[in-house]
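Colleague: Sharing a structure below in structure tokens format, with a few things to ask.
The values are calculated or read from the model by the stated rules, or taken from the named source; none is laboratory data. Keep in mind that what you see is a predicted model, and the values were worked out from it rather than measured. As a convention, Cβ positions derive from the backbone with ideal geometry for all residues, glycine included, and neighbour counts pool all protein chains shown. The area values use the complete protein model at the heavy-atom level, side chains included, leaving out ligands, DNA and RNA. Shrake-Rupley method; radii C 1.70, N 1.55, O 1.52, S 1.80 Å.
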Amino acid sequence: MCSKLLILMEALTAVQVALLTIYDMCKAADRGMTITDVKLLEKQGGKSGHWVAP
């Protein structure tokens, strides 16, 4: 059985891979673009319970 932390890490990794794919498709238009502010905004469950980013 997968832990919730593993599922969270897989989700964050999937977001980064999707953004890198978009970057790869758009780099011909603007090589200077950056990907920023990828972060966890809210989490529910687990040992720490419900958490919301400040």
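Colleague: Tell me the mean residue ellipticity at 222 nm calculated for the chain from its helices only (DSSP H runs of n ≥ 4, each -39500 (n - 2.57), averaged over every residue, nearest 500).
Modeller: -15000 deg cm²/dmol
Colleague: Could you work out how far helix 4-26 tilts from the main Cα principal axis of the chain, as a 0 to 90 degree angle to the nearest 10?
Modeller: The answer is roughly 10 degrees.
Colleague: Follow-up. Determine, for each peptide in 6-15, 29-38, the mean count of other beta carbons within 10 angstrom over its residues, then list the peptides with the highest first.
Modeller: So the order, starting with the most tightly packed, is 6-15, 29-38.
Colleague: Using a Förster distance of 25 angstrom, determine the FRET efficiency expected from the C-beta separation of Asp37 and Glu10, and round it to 0.05.
Modeller: Given R0 = 25 Å and the Cβ-Cβ separation, E is 0.80.
Colleague: With θ set to phi - 60°, apply the Karplus curve 6.51 cos²θ - 1.76 cosθ + 1.60 along segment 37-48 and write out the HN-Hα couplings as whole Hz, x wherever there is a Gly or Pro.
Modeller: These are the phi-based 3J(HN,Hα) values: 6, 8, 8, 7, 9, 7, 9, 10, x, x, 5, 7 Hz.
Colleague: Still on this structure: Provide the descending list of Cα extents for the chain along its principal axes, expressed in whole angstroms.
Modeller: Projected onto the principal axes, the Cα atoms of the chain cover 44, 30, 9 Å.
Colleague: Rounded to the nearest percent, how much of the accessible area of the chain (1.4 Å probe, protein heavy atoms only) is carbon and sulfur?
Modeller: Carbon plus sulfur share of accessible area: 64 percent.
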